[in-house]
Amino acid sequence: MEEGSPANVEAGPPRVFREREHAWHHLNHLYEISKRLAGFEGVERTFQEVMALVTQVVPLRTALLLVGLEAGGEPLPERPALTVWRAEDVPAARLGVAAEQATSTYAWLVGVAVLEPRHELVEGLAGAGSWVVPEPPEQAEPAFVTLPLVAKGHTFGTLQMEPAGVVVEEELAFFDALANQLALALDWHYALRREVRLRERAELFERVQHELFQRERQAHQVAEAAHRRQGLLAEASALLAGSLDYRISLPNVARLLVPGWAECCTMDLVGPNGAERVAMMAAEPTGHPLGSESFVAQVLASHPWVAVPASPEHLPEGHVPVEWAEWTGFPSNLRLLIQVRGRTLGSLSLISARPERYGAADVSLFETLAQRIAAAVDSALLFQQAQEAVRWREELLAVVSHDIKTPLLVVRMNAEMLLRGARQAEERRRHGRRQLESILRASDQMRDLIGGLLDRARLQGMPMPLAPQRWAVDELFRQALEVLRPLAMNKLQELVMEVGSGLPRVRADRERVLQVLANLVGNAIKFTPARGTVTLRARKVDGMVRISVKDTGPGIAPEDVPHLFERFWRASGVSERGTGLGLSIVKSIVEAHGGSLWVETQPGAGSTFFFTLPSAEP
């Protein structure tokens with residue numbers, strides 16, 4: 001037929017219309033597919049929906065998608081994810097053939113030799129476990145169309161489709177456009193997954209980093225708290241070791257605890273004579289509102305551990321080592337016993353205005369501190385006892401060496417008088433009897449003196465033991481002067497005794513009173529010049545019996561009077577040497593009887609020593 005004939009004119013336009021109609025049909029479905037891919041909701045679901053649209057354009061029997069990416073979007077070409085779509089009438093054997101062809105083609109296009117597809121379909125196929133693809137795939141059946149999925153110049157998967165009929169050129173173009181859209185959608189999907197994964201990793205890293213920072217911060221705080229506690233123990237130990245006087249060291253420890261560890265701290269010790277508050281320190285809480293009632297005033301006025309005086313009855317009931325308590329206005333209270341070697345020495349109390357101030361670590365800290373306080377107090381008490389023992393030993397030796405001199409001198413002088421005594425036998429017997437009696441009295445006095453001093457030394461600071469009885473003062477005077485008379489006779493001195501009429505008896509320890517008279521009269525004889533006079537007087541004054549010993553010696557300098565009764569004190573410029581204990585001993589004996597001792601003196605006019613004893617009669 002020639003060109004331009006009517007037949008050719010009629011055949012042209014319908015063919016063009018059909019081609020345009022097919023193109024419009026393909027574009028319309030590609031548009032629907034692009035919308036589905038834009039709302040990508042996972043590979044499995046989206047692939048099924050897309051293939052359902054594709055079959056409306058080109059009927060398919062099977063479609064297999066292999067993507068060499070892991071769930072997070074990282075490349076994993078050796079283990080591609082396999083997604084399968086098939087028509088309802090396709091048998092499983094045919095699907096297996098399609099899977100073998102798809103994996104072989106994927107391996108050749110991607111460039112890997114060993115595959116391990118991730119899908120249950122391939123578990124029963126030949127070469128289970130992995131497929132080795134050393135050579136390019138054999139010529140595929142005309143029924144399979146395989147297209148690479150390419151993004152950014154990199155092949156990351158394949159799309160294999162098995163049309164149900166013959167594929168024309170327009171359908172191949174449709175498949176190519178489908179593969180391009182699917183590649184873009186998958187690339188976007190996995191890029192989003194990568195970004196989400198990276199964001200999750202970043203968030204996880206941030207959380208881990210924050211947790212590590214919090215742990216590090218907490219560990220740092222714990223270390224700081226432990227260092228602070230160790231610092232407190234070190235400082236407290238230094239203060240406790242700095243002095244053997246706990247009345248100095250314990251207040252220093254209380255100052256160390258306030259206000260850093262408590263708003264108020266008290267330390268009470270229990271001794272034989274009751275309880276004593278050795279230390280108390282208080283401070284207003286930090287940030288205490290101005291104009292409000294003082295916290296310290298509330299503690300001092302009403303706190304059960306502070307407001308009442310210290311006493312053994314106020315120790316924790318049952319001697320519980322640690323006691324917690326909460327009261328209105330006093331939210332945090334901690335009290336610990338100060339114990340050592342099974343003995344309770346007292347308690348340590350800590351009061352804070354901050355609720356829940358003390359935790360387990362703080363309690364352990366203060367338990368250790370209480371133990372160190374107990375050890376320090378125990379050491380101080382032992383040291384005091386040792387010092388007291390040494391002091392009493394020295395005093396015992398000094399007192400014995402002082403007071404034994406007078407009786408020994410009497411013994412010596414009576415012995416000398418016996419040797420020089422009477423010339424005739426009868427006079428010698430009479431004179432010797434008197435001297436022997438004086439010697440016996442002096443020896444008895446020395447025995448009683450030493451026994452009493454030993455008793456006092458054993459007591460070590462306890463009250464002086466007395467055996468008071470009713471005694472006539474003139475009888476005590478005669479017994480004392482009988483022993484001392486040889487000393488006065490040796491200096492040609494006169495001993496005078498004056499006792500007022502109606503003088504009542506005294507209630508006193510005979511040996512102790514004789515010791516007082518021996519000291520006072522012995523001193524008077526010693527400091528009174530030859531041919532002088534020593535006078536003993538007794539009067540009743542205000543229900544007491546006042547006894548005086550007056551001498552005619554040189555008197556005592558006014559500046560020496562305040563020190564007369566101090567232990568080991570001796571006046572300067574005095575030729576007579578002594579231990580400086582005599583008047584101190586006299587004072588302790590008189591005071592043990594409930595009396596008093598004093599002196600009246602004037603330089604050049606002698607001295608008079610007075611002391612009082614309780615009357616045995618009303």
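Since every read-out is calculated from the coordinates, none of them should be taken as a lab result. As the structure is a prediction and not an experimental result, all values here were calculated from the model. Note that each Cβ is placed from the backbone with ideal geometry, even for glycine, and that neighbours are counted across all protein chains shown.
Quick notes
- Taking amide H positions as modeled 1.01 Å from N, with prolines and chain starts lacking one, the residues under 5 Å from Leu76 and 5 or more places away or on another chain are Leu69, Glu70.
- Distance (nanometres) between label positions extended 7 Å along Cα→Cβ at Ala301 and Arg277: 1.6
- Shown in residue order for the range 355-371 are the 3J(HN,Hα) couplings computed by the Karplus curve 6.51 cos²θ - 1.76 cosθ + 1.60 at θ = phi - 60°: x, 6, 5, 10, x, 4, 5, 5, 4, 4, 4, 6, 4, 5, 4, 4, 5 Hz (x for Gly and Pro).
- Here the 3J(HN,Hα) profile of the range 513-529, calculated from phi with Karplus coefficients 6.51, -1.76 and 1.60 at θ = phi - 60°, is 5, 4, 5, 5, 5, 5, 5, 5, 5, x, 5, 4, 4, 5, 9, 8, x Hz, Gly and Pro shown as x.
- Long-range amide H partners of Met497 with built H, under 5 Å: Leu536
- The Cβ shell under 13 Å around Ser349 holds other residues with a net charge of -1, Lys and Arg each +1, Asp and Glu each -1.
- Based on alpha-carbon atoms, the Kirkwood radius and the radius of gyration of the range 130-289 give Rg/Rh equal to 1.64.
- The range 37-114 shape via C-alpha gyration tensor axes, a/c threshold 1.5: oblate
- The range 228-284 shape via C-alpha gyration tensor axes, a/c threshold 1.5: oblate
- Compared with the direct C-alpha span, the chain from Ala71 to Glu617 gains 184.8 nm at full extension, assuming 0.36 nm per residue.
- Other residues with beta-carbon under 11 Å from the beta-carbon of Glu498 carry, at +1 per Lys or Arg and -1 per Asp or Glu, a net charge of +2.
- Annotation: peptides 352-362, 201-211, 186-196, ranked by per-residue average of other Cβ atoms within 10 Å with the highest first, follow the order 186-196, 352-362, 201-211.
- Set of lysines with alpha-carbon distance to Lys152 below 30 Å, sequence-local pairs under 8 removed: Lys35
- Potential lengthening of the chain between Arg45 and Trp24 amounts to 4.9 nm, from the contour at 0.36 nm per residue minus the alpha-carbon distance.
- For the range 205-356: rounded, prolate or oblate by the Cα gyration tensor [a/c cutoff 1.5]: prolate
- Electrostatic bookkeeping for Leu115 treats Lys and Arg as +1 and Asp and Glu as -1; over the other residues with beta carbon under 13 Å from its beta carbon, the sum is -1.
- Packing, as the average of other Cβ atoms within 10 Å across residues, places the peptides 605-615, 216-226 in the order 605-615, 216-226, highest first.
- Here's the picture: a label point sits 7 Å out from the Cα of Ala530 along the beta-carbon direction, and within the range 479-513 the residues with their amide nitrogen under 19 Å of it are 485-495.
- With a Förster radius of 35 Å applied to the C-beta separation of Glu235 and Glu293, the computed FRET efficiency comes to 0.60.
- Between the amide H of Ala279 and those of Met267, distances stay under 5 Å, these residues lying 5 or more places away or on another chain, with hydrogens modeled in the peptide plane.
- Peptide packing for 161-170, 36-45, 246-255 was compared via the average number of neighbouring C-beta atoms within 10 Å per residue; ordered from the highest value, the list is 246-255, 161-170, 36-45.
- Relative counts (whole %) of C-alpha pair distances in the range 514-565, using bins that are 10 Å wide: 22, 45, 31, 2
- Integer Hz, Karplus 6.51/-1.76/1.60 couplings in order for the range 171-179, x for Gly and Pro: 6, 5, 5, 4, 4, 5, 5, 4, 4
- One compactness figure for the range 271-369 is 1.14, namely its Cα radius of gyration divided by 2.2 N^0.38 Å.
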